[in-house]
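The values are calculated or read from the model by the stated rules, or taken from the named source; none is laboratory data. Predicted model, so just to flag it, every value in this text is computed and none were measured. All Cβ positions, glycine included, derive from the backbone under ideal geometry; neighbour counts span all protein chains shown.
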Amino acid sequence: MLQAELKAMDTFNYIVNVIFRSESNGRAPTVVEGCGVKKRMGGQQLFAVMPLPWCPHLPEVRPVPAEGLDSQAPCSTCGDLSENWVCLTCYKVECSRFVNEHMLYHRLETEHNMVLSYSDISVWCYCCDHYVDNAALSEAKNAAHLSKFGEPLPGMG
């Protein structure tokens, strides 16, 4: 082995055996602890998101407008570009609850429940308070993916 590789292995072993074991009460650290994710999240617990396969608000989803979707569209209220959602009933674009909450206000004003995130192409139902993944959402998700990545969702092309 090269000297640099040996030094890197020594550093890695030191990190795992001294630093992480002391932070993990003597046991081997989990991947989350080892990557430092838990510390960066302020010690919050990670969990898997399991979307609902169906919700009673799916009929609110309207066809995608003929012009398609624009994943780069700003929030129609504040102009923010960082984390926007599109309403799947009227196709208005608003920012997330972690920016200025304009999509949440849109929901409260209109009672439109189904929204799609341009960040990760997921769909949220405000009324069910849950993510939803159903074939009825395929057209909108594909249009968002096409706008964001320039290609359709796998299997939709």
- Within the range 147-157, work out how many residues are at pLDDT 95 or above and over 16 Å from Ser122 (Cβ atoms). 3
- Run Leu116 past the list (1) part of a loop (DSSP other than H, G, I, E, B); (2) touching a Ser or Thr at 6+ places or on another chain (Cβ under 8 Å) and report the number of the one that doesn't hold. (1)
- Message: On the basis of being in a loop (DSSP other than H, G, I, E, B) and under 21 Å from Gly150 (Cα atoms), does Asp80 make the cut?
- Response: no
- Message: Being free of Cβ contacts under 8 Å to residues at least 40 places away in the same chain and within 16 Å of Gln72 (Cα to Cα) is the filter here; which residues of the range 117-157 pass it?
- Response: Ser117, Ser119, Asp120, Ile121, Lys141, Asn142, His145, Phe149, Gly150, Glu151
